[in-house]
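In what follows, a single structure is set out as structure tokens and then discussed.
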Amino acid sequence: QQHLTPVISTFEALYLLQKNQVSKVHLKFDTGMSRLGFQYNDLSKITNFLQDQKGVKVEGICTHFSQSHDSFLEDGVTHHQMKYFVKIEKELKNYFQYSHSLNSDAILNGYSGTEAYHQDKNYLGARPGIALYGYPRLNGQGKKTNLKPIMSLKASIASLKKIKKGESVSYNGTWKSLRESLIAVVTIGYGDGYQRGLSNQAWMLYQGQRCPVIGQICMDYCMLDLTDLRHLNPKVGDHVTVWGYGEAGESELLSAEDLARQVNTISYELLTDVSLRIPRIYLNGGTSVKNK
């Protein structure tokens with residue numbers, strides 16, 4: 001109904017789609033990720049299935065690299081996965097039109113040399129993932145790329161209060177003021193996908209200046225220490241940047257990568273954890289569209 005082409009990795013799904021008269025599919029093969037995918041020894045069963053019926057058409061085949069940062073080194077995992085996948089391509093060459101294997105790391109590492117693995121350059125299909133967010137900005141060799149993060153997460157100040165020296169903030173008193181402090185309560189919490197592990201570890205941008213997240217992050221709120229930014233006259237309703245670009249645009253970037261490193265995770269987790277109760281505003285050429 002939605003005109004989607006499913007990617008299939010089990011015979012059960014293949015038979016189900018045939019029964020429901022779904023015509024175009026892509027077949028996924030496990031070449032070393034050990035997650036989803038047919039195995040090489042499934043090929044004879046697959047070809048027999050495709051020969052015996054006319055309903056299901058294999059539009060493409062694919063695999064997924066587990067360590068594509070290794071740059072296709074001769075003894076690298078990706079090199080062996082690619083060689084394995086090329087064997088599968090050759091076996092199925094009469095049954096598919098497209099082949100795709102390159103993920104974000106593979107693309108960013110400049111794997112144009114993968115033509116050596118293929119006789120047909122049309123087989124060099126790519127599926128960027130995290131690169132669509134503008135991350136990572138370093139490739140597997142630690143070299144800078146031209147990617148720019150596209151996602152900025154914003155929240156607003158719900159209240160402001162002054163606390164005395166020695167007073168604690170949020171659950172379990174994990175942060176105590178060493179001086180009279182100005183505290184901002186901000187409208188984002190772990191219920192929105194802002195991870196509790198960032199408590200006392202992260203910072204946000206207020207008018208382009210970094211300010212620390214203090215105390216344990218709550219379900220719907222977290223707190224910032226704005227004591228050093230009192231001269232900016234913060235007000236209820238002012239926006240803060242949780243990550244991404246501040247008010248001055250690209251000159252003020254709080255990277256999700258930097259925050260992820262603070263809690264020993266990856267930017268992928270932060271970027272994809274943002275819950276659906278956070279409104280999305282899509283910007284394009286100066287115009288914006290807000291989701292429902």
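The values are calculated or read from the model by the stated rules, or taken from the named source; none is laboratory data. Keep in mind that what you see is a predicted model, and the values were worked out from it rather than measured. Here Cβ is always computed from backbone atoms with ideal geometry, including for glycine, and neighbour counts include all displayed protein chains. Keep in mind that these areas ignore ligands, DNA and RNA; they rest on the heavy atoms of the full protein, side chains included. Shrake-Rupley method; radii C 1.70, N 1.55, O 1.52, S 1.80 Å.
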Against the conditions (1) of a type outside the set (Phe, Trp, Tyr); (2) in contact with a helix residue (DSSP H, G or I) (Cβ under 8 Å, 6 or more places away or on another chain); (3) under 15 Å from residue 89 (Cβ atoms), where does residue 62 fall short? Just the number, please. (2)
What tally of residues in region 208-254 results from selecting those that are touching a residue at least 24 places away in the same chain (Cβ under 8 Å), open to solvent by less than 90 Å² (accessible area, probe 1.4 Å) and within 24 Å of residue 283 (Cβ to Cβ)? 14
Residue 184 being touching a residue at least 12 places away in the same chain (Cβ under 8 Å), closer than 19 Å to residue 274 by Cβ and of a type in the set (Gly, Ala, Ser): no
Being more than 13 Å from residue 8 (Cβ to Cβ), out of contact with any strand residue (DSSP E or B) (no Cβ under 9 Å at 6 or more places or on another chain), open to solvent by less than 60 Å² (accessible area, probe 1.4 Å) and not in a loop (DSSP other than H, G, I, E, B), is that true of even one residue in region 47-58? yes
When every residue in region 59-82 that is open to solvent by 40 Å² or more (accessible area, probe 1.4 Å) and not aliphatic (A, V, I, L, M) is compared, the one nearest to residue 127 (Cα to Cα) is 64
Based on what the data block shows, is residue 206 at pLDDT 95 or above and in contact with a strand residue (DSSP E or B) (Cβ under 8 Å, 6 or more places away or on another chain)? yes
Name the residue that is farthest from residue 149 (Cα to Cα), counting only residues in region 208-265 that are within 23 Å of the chain's Cα centre (by Cα) and part of a helix (DSSP H, G or I). 262
Of the listed residues (36, 17), the one being among the hydrophobic types (A, V, I, L, M, F, W, C) and either out of contact with any Ser or Thr (no Cβ under 8 Å at 6 or more places or on another chain) or closer than 17 Å to residue 4 by Cα (or both) is 17
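Yes/no matrix, rows are residues, columns are (1) among the hydrophobic types (A, V, I, L, M, F, W, C); (2) surrounded by 14 or more Cβ atoms within 10 Å (Cβ to Cβ); (3) modelled with pLDDT of 85 or more; (4) under 29 Å from residue 47 (Cβ atoms):
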residue	(1), (2), (3), (4)
119	no, no, no, yes
151	yes, yes, yes, no
159	no, no, yes, no
165	no, no, yes, no
Candidate set from region 29-46 (those that are closer than 24 Å to residue 105 by Cβ and among the aliphatic types (A, V, I, L, M)); member that is surrounded by the fewest Cβ atoms within 10 Å (Cβ to Cβ): 36
Being farther than 16 Å from residue 163 by Cβ and among the hydrophobic types (A, V, I, L, M, F, W, C) narrows it down to one of 218, 211, so name that one. 218
Would you check which residues across region 72-110 are farther than 30 Å from residue 134 by Cα, of a type in the set (D, E, K, R) and not in a helix (DSSP H, G or I) and list them? 93
